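One structure is given here, and the rest of the page talks about it.
The values are calculated or read from the model by the stated rules, or taken from the named source; none is laboratory data. Small disclaimer: the values here were computed from a predicted structure and weren't measured. Cβ sites come from the backbone with ideal geometry, for glycine too, and all protein chains shown count toward neighbours.
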Amino acid sequence: MPNFLPINTILVPQGAEYKAVCRGLSGVTGSIPTVIAIPVGMKPLLKYLQQSQGNGQFLAPKSKVLIMGICGSLSDRYTVGDIVLYQDCLYSGKRQECDRTFTAQLHFYLSQKVSLVKSLTSDRVIWSAAEKRHLGETLAADVVDMEGFTALEFFNAAGVDVAMLRVVSDDCQHDIPDLTSAINSDGSLNPFPLAMGMLRQPLTATRLIRGSLKSLKVLEQVTNRLFSG
């Protein structure tokens with residue numbers, strides 16, 4: 001890890017994304033940040049962060065938190081496997097900014113391999129390609145995820161520097177399965193509704209799986225690059 005990036009903690013959605021980041025760090029020698037698996041979705045994440053606040057986690061002075069994971073594209077400019085670095089997150093007409101200095105340092109370090117984007121946070125899975133394109137055009141957002149705004153609102157209020165680095169796992173040209181019902185109220189994934197959602201839409205499911213595998217591999221690689229220094 002370069003000296004100007006003293007990242008204390010990486011937060012990454014639980015499951016495959018968390019495992020990909022851990023694989024990326026597995027061969028790294030020297031100091032590496034603490035990697036914490038977070039729940040999927042806005043409400044579960046907020047509850048988790050508020051509970052963690054009680055034990056002082058994340059909130060050390062001058063701490064830097066990097067949020068990693070995958071996201072969906074809302075623009076033709078970004079396709080599966082692209083690495084994106086967030087400038088800000090929109091939700092319900094409100095906007096939260098990532099830390100500019102921290103983000104600029106990451107952008108400089110990763111140089112040509114990463115694009116600066118504006119993101120949208122959603123409280124549900126945006127599965128329809130038509131809706132993705134509509135949201136991208138009307139809100140001038142490039143990508144969508146389900147945690148970004150909540151994390152930024154929490155950490156900005158606490159005075160913690162945050163940057164977000166994600167990899168695009170699905171484009172805005174094709175539908176993906178509607179997997180909203182597979183996300184439990186605690187932010188964990190429920191395997192049975194997940195499997196049923198995939199089986200009901202085999203073509204879109206195959207595309208999603210292929211895109212996810214590619215994006216998770218890139219997530220592993222960019223994690224390794226960032227901390228191999």
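Here are a few things to note about the model shown:
- Unique match (being within 20 Å of the chain's Cα centre (by Cα), assigned to a helix (DSSP H, G or I), at pLDDT below 90 and not small (Gly, Ala, Ser)) among Leu194, Leu199: Leu194
- Residue match in the stretch 179-190 (condition: without any contact (Cβ under 8 Å) to a residue 60 or more places away in the chain, hydroxyl-bearing (Ser, Thr, Tyr) and buried (at least 19 other Cβ atoms within 10 Å of the Cβ)): no
- Pair list, Cβ under 7 Å, 6 or more apart: the stretch 101-123 residue under 27 Å from Leu135 (Cα atoms) and in contact (Cβ under 8 Å) with a residue 12 or more places away in the chain, other residue among the hydrophobic types (A, V, I, L, M, F, W, C) and part of a helix (DSSP H, G or I): Leu120/Leu135; Leu120/Leu139; Thr121/Met42; Thr121/Phe149; Asp123/Met42
- The residues of the stretch 11-30 that are under 14 Å from the mean Cα position of the chain (by Cα) and hydrophobic (A, V, I, L, M, F, W, C), listed by number, are Leu11, Val12, Ala16, Ala20, Val21.
- Of all residues in the stretch 146-178, those satisfying the criterion of being of a type in the set (D, E, K, R) and surrounded by 24 or more Cβ atoms within 10 Å (Cβ to Cβ) are Glu147, Arg166, Asp170.
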